Amino acid sequence: MTQHFDIIIDNIGQLLTMDHRDGPLKGKEMSSLPVLEHAAIGMRDGLVEWIGTHEEAQKLKATERIDAEGKLVTPGLVDPHTHLVFGGSREHEMALKQQGVPYLEILKQGGGILSTVKATREASLEELLQKARFHLNRMISYGVTTVEAKSGYGLNRPTEMKQLLVAKQLNEEHPADIVSTFLGAHAIPPEYKGRSEEFLKEMLSLLNDIERENLAEFVDIFCETGVFTVEESRQFLQKAMEKGFSVKIHADEIDPLGGTEMATEIGATSGDHLVGASEKGIQALGATDTIAVLLPGTSFYLNKGKFANARGMMEAGAAVALSTDFNPGSSPTENLQFIMNLASLQLKMTPEEIWNAVTVNAAYAINRGEQAGKLVKGRKADIVLWDVPNYHYVPYHYGVNHTHTVIKNGRIIYRKEKLHDQFSTH
């Protein structure tokens, strides 16, 4: 062979290509995991150009050669549900929560989502950009290369548009790929109290401008007790679909209202949260293409003791994805690896199911199944080298960052910091 590559990673212990078949993996298919041992991978012009054995790689030339030293190599992770762009933070609410102060009381005191709305409205575009970039960089350090980012902390035209502009600018400037979602219907602002129908009309009026300026691909809504009903959510999302948007839904996070069933009926790309999904809703997921995006970090942080029924969903034949739900109120973490730990401990998912849920299925949950989540010749070289011996290890060893090297579009964008020489052993 006479090929010359930009980068070759060889001496890989296990290489997860996730190259099963086209489409998301459903039900029992999630237990399948293609593993290549003693493998190597070559990149050129930002793409995966060759996959083979360590022995074959010795005959190839490259500008840079990375010795994986028997470590695990996978596609870049995909985080399909985040609230990346927001102002302020809510650490001051921790003491109130520990004292048992109800969320509605925290809202009355100016806290909760309304405090984030206030901070986001007051922040400049540049301030939001700087803050979101900080959080996105941290996501990269945990092995994430593709991220969904929602608006939803403006609840008015200028701030929702500002959030979406920040996400668009980040996508253009940052190595990570960002998929934008308009979540104007995240809550009912005080100025629209008791007038939810009027507020939803106001949010729908933004869609023409969002489409014209290419600010979002998805439209989302929070369907829950005290926020928006199933019927309000159905009408809102159907109108968004009529305008050509793909749709998602925050559904059945607390109460089994039927948002899961409705999501499958209208053909939503994903139904997210689903902690309270009914048996009927779970069966509907298995019978349709709507992907269940589960957010165990939120259940963990809110300490309600109940997690989504991932096993029941997969047994029903559903496609399951995992995400951080990174946000300032109910899941302030950028660490998708921790979510993998929770999926193992609380959702009772196997390592094979977990890896599929943070790569291929997560990519399909944000309409990126043909670009992200797999290592296939001709696709973007989004690759993570893990400082672990095998794929079982990441869901097992919690509380640390296992990322060694992150490659995005064939370029190294993160390498694990090393201790100063005085601490190293010789």
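Here is how the numbers come out for the structure above:
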item	result
Residue match in region 29-39 (condition: more than 30 Å from residue 314 (Cα to Cα), of a type in the set (A, V, I, L, M, F, W, C) and either surrounded by fewer than 16 Cβ atoms within 10 Å (Cβ to Cβ) or at pLDDT 95 or above (or both))	yes
Unique match (being under 14 Å from residue 76 (Cα atoms), aliphatic (A, V, I, L, M) and touching a Gly at 6+ places or on another chain (Cβ under 8 Å)) among 336, 342	336
Qualifying residue in region 72-82 (condition: without any contact (Cβ under 8 Å) to a residue 24 or more places away in the chain and not polar (S, T, N, Q))	no
Criterion violated by residue 393 - all others in (1) buried (at least 23 other Cβ atoms within 10 Å of the Cβ); (2) in contact with a Pro (Cβ under 9 Å, 6 or more places away or on another chain); (3) closer than 19 Å to residue 75 by Cβ satisfied	(1)
Unmet criterion (only one of (1) among the aliphatic types (A, V, I, L, M); (2) part of a strand (DSSP E or B); (3) more than 12 Å from residue 385 (Cβ to Cβ)) for residue 41	(3)
Residue, farthest from residue 373 (Cα to Cα), within region 137-163, restricted to residues that are of a type in the set (A, V, I, L, M, F, W, C) and free of Cβ contacts under 8 Å to residues at least 60 places away in the same chain	155
Enumeration of residues in region 84-107 that are loosely packed, with under 12 Cβ neighbours inside 10 Å and part of a helix (DSSP H, G or I)	94, 95, 98, 104
Members of region 338-348 that are of a type outside the set (Val, Ile, Thr) and either over 22 Å from residue 132 (Cα atoms) or crowded, with 24+ Cβ neighbours inside 10 Å (or both)	340, 341, 342, 343, 344, 345, 346, 347, 348
Helices (runs of 4 or more DSSP H) wholly inside region 319-426 containing at least 3 residues that are out of contact with any strand residue (DSSP E or B) (no Cβ under 9 Å at 6 or more places or on another chain)	336-345
Subset of region 307-337 (residues that are crowded, with 20+ Cβ neighbours inside 10 Å, of a type outside the set (A, V, I, L, M) and in contact (Cβ under 8 Å) with a residue 60 or more places away in the chain)	323, 324, 325, 326, 327, 328, 329, 334, 335, 337
Subset tally (residues that are assigned to a strand (DSSP E or B), closer than 13 Å to residue 13 by Cα and not small (Gly, Ala, Ser)) for region 44-58	1
Extreme residue, nearest to residue 269 (Cα to Cα), among residues of region 349-379 that are surrounded by fewer than 24 Cβ atoms within 10 Å (Cβ to Cβ) and of a type in the set (D, E, K, R)	368
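Yes or no, residue by residue, for (1) more than 20 Å from residue 157 (Cα to Cα); (2) among the small types (Gly, Ala, Ser):
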residue: 88; (1), (2): no, yes
residue: 96; (1), (2): yes, no
residue: 106; (1), (2): yes, no
residue: 116; (1), (2): no, no
residue: 120; (1), (2): no, no
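Residue by residue, here is whether (1) touching a helix residue (DSSP H, G or I) at 6+ places or on another chain (Cβ under 9 Å); (2) acidic (Asp, Glu); (3) over 25 Å from residue 217 (Cα atoms); (4) modelled with pLDDT under 95 holds:
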{"position": "47", "(1), (2), (3), (4)": "no, no, no, no"}
{"position": "61", "(1), (2), (3), (4)": "no, no, yes, no"}
{"position": "74", "(1), (2), (3), (4)": "yes, no, yes, no"}
{"position": "80", "(1), (2), (3), (4)": "yes, no, no, no"}
{"position": "84", "(1), (2), (3), (4)": "yes, no, no, no"}
{"position": "104", "(1), (2), (3), (4)": "yes, no, yes, yes"}
{"position": "107", "(1), (2), (3), (4)": "yes, no, yes, yes"}
{"position": "113", "(1), (2), (3), (4)": "yes, no, no, yes"}
{"position": "124", "(1), (2), (3), (4)": "yes, no, no, no"}
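The values are calculated or read from the model by the stated rules, or taken from the named source; none is laboratory data. Only a predicted model underlies this, so the values are computations on that prediction, with no experimental measurement involved. Reconstructed Cβ throughout: ideal geometry from the backbone, glycine too, with neighbour counts over all protein chains shown.
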